[in-house]
Amino acid sequence: MSESDNLDFKPRARGLIIGGIPWLARIADKARARAAGRLGAYVYP
């Protein structure tokens, strides 16, 4: 396992609703983490 696999990343809760879209905050968090190279081995539930 590389160091990037151990990065601390956790998206916001699934229940958080932004603009009437329940998954929008979570997707935004994942996109930001990926763009910054912090996603690591995060599994998308």
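The values are calculated or read from the model by the stated rules, or taken from the named source; none is laboratory data. All figures in this text were calculated on a predicted structure; none of them were measured in a lab. Note: ideal-geometry Cβ built from the backbone for every residue, glycine included; neighbour counts use all protein chains shown.
Checking the structure you have, find out if any residue of the stretch 7-17 is at pLDDT 90 or above and either more than 8 Å from the chain's Cα centre (by Cα) or not β-branched (Val, Ile, Thr) (or both). Within the stretch 7-17, one or more residues are at pLDDT 90 or above and either more than 8 Å from the chain's Cα centre (by Cα) or not β-branched (Val, Ile, Thr) (or both).
Do we find that Leu39 is at pLDDT 85 or above, part of a loop (DSSP other than H, G, I, E, B) and either in contact with a Pro (Cβ under 6 Å, 6 or more places away or on another chain) or surrounded by 13 or more Cβ atoms within 10 Å (Cβ to Cβ) (or both) in this structure? Here the answer is no, as Leu39 does not meet what is asked.
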